[in-house]
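Data block below; observations after.
Please treat every number below as a calculation from the coordinates, not as lab data. In this text, all values refer to a predicted model and were calculated from it rather than measured experimentally. Here Cβ is always computed from backbone atoms with ideal geometry, including for glycine, and neighbour counts include all displayed protein chains.
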Amino acid sequence: MTATFTSYPRSRAGGIGFKTADTIAAAVGIARDSPERIKAGLAYTLSEAADEGHCYLPAADRLAAFGAVDWDKALAWLRSRTGAPLAAEQEEAVRLALTSRVAVLTGGPGCGKSFTVRSVVALARAKGARVVLAAPTGRAAKRLAELTGHEAATIHRLLQLRPGDAPRPGRRREPQPGAARGADALG
């Protein structure tokens with residue numbers, strides 16, 4: 001039996017709707033992150049919104065709390081807590097990490113990555129954001145937790161992956177929603 005997500009009815013009147021088709025697809029093993037599933041889900045969501053009279057849907061902004069931050073005040077608060085100012089590049093990295101969907105922090109030993117990560121976590125927690133930290137190895141996760149004072153897990157644990165496990169329908173393959181996420185390669 002083959003199931004595809006290439007054609008979904010716009011309403012239940014024409015046959016089964018997305019939710020039913022999606023349940024069937026999951027039962028036959030179609031991946032939750034399948035491009036066809038995602039397209040069908042988006043088409044369904046937009047169709048439902050259009051049926052309700054909407055002409056657009058706003059993008060959800062998990063980091064909206066940081067959009068209107070007075071960065072001078074926030075960085076001064078951070079400096080009073082840590083006793084050390086951030087370098088200009090670190091300030092830029094902190095702003096980027098807290099206002100962008102994805103930010104990558106790189107650098108050699110001793111360049112301030114750890115202090116920058118600690119600063120991001122401190123500001124996120126001060127704003128009441130939920131912080132989720134991950135690292136590629138257990139040792140790196142332990143180090144990340146030590147330097148931030150916040151729980152960290154391996155990426156595999158966060159994604160609930162186990163070596164040799166085959167994907168199962170309905171199994172979570174994405175991390176818990178979080179306002180701020182971090183992954184680090186410390187160790």
Expected vector for region 31-39, Karplus 3J(HN,Hα) from phi with 6.51, -1.76, 1.60 and θ = phi - 60°, integer Hz, x for Gly and Pro, equals 4, 5, 9, 4, x, 5, 5, 5, 4
The set of residues whose placed amide H lies less than 5 Å from the amide H of Val132, leaving out same-chain residues fewer than 5 positions away, is Ala180, Arg181, Gly182
Counting only residues 5 or more apart in sequence or on a different chain, those whose built amide H sits under 5 Å from that of Thr154 are Ala135
Using alpha carbon centers only, region 80-126 is separated from region 138-166 by a whole-angstrom value of 20 Å
Fewest-first ordering of Lys142, Lys113 by Cβ atoms within 10 Å yields Lys142, Lys113
